[in-house]
Amino acid sequence: MRFDVLTLFPNLVLPYFEDSILSRAIKDKKIEIHVHNIRDYSKDKHKKVDDTPYGGGAGMVMSCEPLFIAIRDVKTQNKGPVIFLTPQGETFKQEKVESLAAQKELILLCGRYEGIDQRVRDTLVDMEISIGDYVLTGGEIPALTIIDAVSRLIPGVLGKEESAEEDSFSASLDRMKEYPQYTKPEEFEGMRVPEVLLSGNHAAIREWRMKNRK
Ligand code: 4G3
């Protein structure tokens, strides 16, 4: 799967993929991530990418021109939907992760400041997604969230150790429930691992886990 990220802060996005499971997925050609600096598309002599809002008000708005040029350029290489990350978007849930994982390509547009010129949203943005009801300084963390959540559903991205099938985070609300996990030692600062998990009784363990999911 191919992801293209448009941002004013590529250095905020790139390091996340240098480590972790996703670096292996990139090396194994399961995913491809291209990060584009919106500023590189500015035709202004000072590389300006924003301006004051018409009608007045605080802050700056990201201008049409660099965004139109940048998105159109990326669209020549990536035929997927353009997703704008904004607190006003559809809340990102596991169902949405699954529908996005069915795509071959996605374009992620990260806004900063107080937003982007509405004409970009009206003509070039296909969907707006929010990762939750809070405001961040930019769309970069939401973009990383989407890439991470979608990538782990792509076959071969997770090893069988971390397989997305086995773990408890699949579509239905019920299957998203997790049971308590323990690892060595059996006792830590007086707190013991539940006896049933040490019993080797797999039926009893299955039952205990079912009963203790939350
Ligand atoms: C557009 C997304 C972009 C308008 C982006 C703020 C939170 C989310 C931004 C705007 C963001 C989210 C950048 N903050 N909840 N900040 O997914 O008001």
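At a glance:
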| read-out | value |
| --- | --- |
| Scope the stretch 171-214; condition at pLDDT below 95 and touching a helix residue (DSSP H, G or I) at 6+ places or on another chain (Cβ under 7 Å); matching residues | Ala171, Met176 |
| Hits in the stretch 24-71 (condition: exposed (fewer than 12 other Cβ atoms within 10 Å of the Cβ), without any contact (Cβ under 8 Å) to a residue 40 or more places away in the chain and closer than 30 Å to Ala102 by Cβ) | Lys27, Lys29 |
| Residue pairs meeting the criteria (Cβ under 6 Å; at least 6 apart or on separate chains; first modelled with pLDDT of 95 or more, in the stretch 78-90; second near the ligand (Cβ under 6 Å from one of its atoms)) | Leu85/Gly139; Leu85/Pro142; Pro87/Ser130; Pro87/Val135; Gly89/Ser130 |
| From Gly138, Gly111, Gly115, residue being farther than 30 Å from Gly156 by Cα, within 14 Å of the chain's Cα centre (by Cα) and surrounded by 11 or more Cβ atoms within 10 Å (Cβ to Cβ) | Gly138 |
| Residue satisfying condition, being surrounded by fewer than 18 Cβ atoms within 10 Å (Cβ to Cβ) and touching a residue at least 40 places away in the same chain (Cβ under 8 Å), within set Lys160, Lys104, Lys93 | Lys104 |
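The values are calculated or read from the model by the stated rules, or taken from the named source; none is laboratory data. The structure displayed is predicted, hence computed values, not measured ones. Heads up, the Cβs are rebuilt from the backbone with ideal geometry, glycines too, and the neighbour counts pull from every protein chain shown.
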